[in-house]
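Input: a single structure, listed below in structure tokens.
The values are calculated or read from the model by the stated rules, or taken from the named source; none is laboratory data. Since this is a predicted model, take the numbers as computed values, not measurements. Cβ atoms come from the backbone with ideal geometry, glycine included; neighbour counts cover every protein chain shown.
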Amino acid sequence: MIAANVLHATRDLGETLANCRRLLAPSGVLVAVEETARKAWLDLTFGLLPGWWRFRDAYRTDYALVGAPVWRQALADAGFAGTALVEGPSGALLVLAQGPLEAGAEGGLFVLAGAGELGAELAAELERRGSRAVEGPAEGDRQAWRGFFESLPGALPLRGVAYLGGIRRDGAKLSTRELEAELEA
């Protein structure tokens, strides 16, 4: 995710960063450039706009821009796994912040299709990591899938769908000829 001088322009910096983190794929990275220094030309340009002063969060008390220590704390509070901040001589700050390292690290719902025995193992691992896994309906039944997705609980965010029907447990043990024969069948 890339952002340039926009994250500070929100009412609640913590909420904005938490939303960014939730949108990232596992191990995804937020790359942002943010001004950190008070500058008269910024006040003359943007300070006259009501949005410049609309912040209402614990990180900013009297000015829309904050320095690197505040950014580091806000990113940590939002749950980013790791951050790197590079301050430029002009007051610009390069922000690199990594999202959750594992799928399902913060909970959510995963749908498994064609699951079988492998699906049970995957479901157990996802649940060990704090997520919930449910098995979807039979392949090819579009109406059943539509009803299935409409019936999913809204309290848990849908984190992914995994189709496992084409995965064989003994796939590594097949010879090239056996694999070719199976693919042609």
Those residues of the range 138-167 that are over 30 Å from ASN19 (Cβ atoms) and either modelled with pLDDT under 75 or surrounded by 14 or more Cβ atoms within 10 Å (Cβ to Cβ) (or both) come to a total of 7
Has the range 35-45 got at least one residue that is in contact with a Phe, Trp or Tyr (Cβ under 8 Å, 6 or more places away or on another chain) and in contact (Cβ under 8 Å) with a residue 60 or more places away in the chain? no
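Run down ALA68, ALA81 and say which single residue is in contact (Cβ under 8 Å) with a residue 12 or more places away in the chain and within 29 Å of VAL161 (Cα to Cα). Please lay out each step first, then the result.
Working: ALA68 fails: within 29 Å of VAL161 (Cα to Cα).
Unique residue meeting the criteria: ALA81.
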If GLU135 meets every condition in (1) at pLDDT below 80; (2) under 24 Å from the mean Cα position of the chain (by Cα) apart from one, which number is that one? (1)
Show me the helices (runs of 4 or more DSSP H) entirely contained within the range 1-105 in which 2 or more residues are surrounded by 15 or more Cβ atoms within 10 Å (Cβ to Cβ) and out of contact with any Pro (no Cβ under 9 Å at 6 or more places or on another chain). 13-23, 68-77
Kindly evaluate ARG72 against the criterion of being in the same structural domain as LEU17 (by TED's automatic domain parsing), under 15 Å from LEU13 (Cβ atoms) and modelled with pLDDT of 90 or more. yes
